[in-house]
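The structure under discussion appears below in the form of structure tokens.
What follows draws every value from the coordinates through simple rules; no lab data is involved. Since we're looking at a predicted model, the values are computed, not measured. Positions of Cβ are backbone-derived with ideal geometry, glycine not excepted, and every protein chain shown enters the neighbour counts.
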Amino acid sequence: MAERVALVTGAARRVGARIVRELHAAGMSVAIHFHRSRRDAETLREELEDARPGTAMTVAADLVEPGGPASVVAAAGERWGRLDVLVNNASTFYPTPVGEATESEWNDLLGSNLAAPFFLAQAATPLLRAVRGSIVNIADVYGHRPLAGHPIYSAAKAGLVMLTRSLALELGPEVRVNSISPGAVLWPENDEPDRRRIIAEIALGRSGDPGDVARAVLFLVRDATYVTGQDLAVDGGRLVSG
């Protein structure tokens, strides 16, 4: 892994930052994409550079804007001359109840959760093919079982799971493409009643954490060399619990 390079989108905070740390700890150099969280991204970069100089960079872009995805891939490729792993983690999430949703919200949610991963993958394909690299898309259990009040988000994540399968077919045999559907790994504040209800629906009877997702990414990137076109639910069994 020491010579490999990973680009992680939406990587300044939360799950994205944990994925960056996991891949960096395994020996990779990392490009930390962010949109607005510059301070968090730079703090993370400094942390990783202190551990291993010359192995981390930040890159800012709005991935919904035309040219945004291509600019991020170009920056990572120019820094290290290669790209081995693309992790499409950047996401937008908010409710869009039927009767209240707007076209702008549709474009934003589909843009960030589905269009951006496609155009990032398209831009990264030449670099990834050159090194027989891989893509990991971060989907959601709500792409399999919709979340009430979030029809656009749920549809976008369902589309990302299908995009994963389609790209695996299109980019093979050189590039492997898989996705991860996290369950309850992060919680909004002040949602204790919902938390209790959701945990009651999980087969393992507990929530996960961002490290569970990050370790799954590392598995798909480093160890699962004969796996492509698959979606791995990191959900404690929530999808099979009814």
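Which peptide among 197-204, 211-218, 63-70 comes first, and what is the full order, when sorted by highest mean count of other Cβ atoms within 10 Å? Let's see the in-between values first.
Working: 197-204: 13.8, 211-218: 21.1, 63-70: 17.0.
By packing density, highest mean first, the sequence is 211-218, 63-70, 197-204.
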Highest mean first, what order results for 79-89, 4-14 on Cβ atoms within 10 Å? 4-14, 79-89
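Per the Cauchy relation, a quarter of the hull surface: what is the mean projected area of the convex hull of the alpha carbons in the chain, in nm²?
On the way: hull surface 51.6 nm².
For the Cα atoms of the chain, the hull's average projected area reads 12.9 nm².
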Note down the net charge around G211, summing +1 for each Lys or Arg and -1 for each Asp or Glu among other residues with Cβ under 13 Å from its Cβ. +1
If you average the C-alpha positions of the stretch 44-61 and of the stretch 1-23 separately, how far apart do those two centres end up, in angstrom? 10
Quick one: divide the alpha-carbon radius of gyration of the stretch 97-137 by 2.2 N^0.38 Å and tell me what you get. 1.64
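Report the net charge of residues surrounding L147, where surrounding means a beta-carbon distance below 10 angstrom and charges are Lys +1, Arg +1, Asp -1, Glu -1. Present the calculation step by step, with values, prior to reporting the outcome.
Values: positive: R145, K157; negative: D140.
Its environment carries a net charge of +1.
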Mind checking which helices in the chain clear 27 Å along their axis (Cα) and have mean Kyte-Doolittle hydropathy of 0.0 or more, DSSP H runs only? 151-171
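By per-residue mean of other Cβ atoms within 10 Å, what is the highest-first order of 94-106, 138-150? Spell out each step's value before the answer.
Working: 94-106: 11.4, 138-150: 18.9.
Output ranking for 94-106, 138-150: 138-150, 94-106.
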Answer in debye to the nearest 20: the dipole magnitude of the chain about its Cα centre, from +1 Lys/Arg and -1 Asp/Glu charges placed on Cβ, is 560
Using only the alpha-carbon atoms of the stretch 1-59 as identical scatterers, what base-10 log of I(q)/I(0) does the Debye formula give at q = 0.15, 0.24, 0.31 Å⁻¹? -0.33, -0.85, -1.41
Just going by the charge dipole of the chain, with Lys and Arg at +1 and Asp and Glu at -1 on Cβ, which of A216, Q122, A74 is farthest out on the positive end? A216
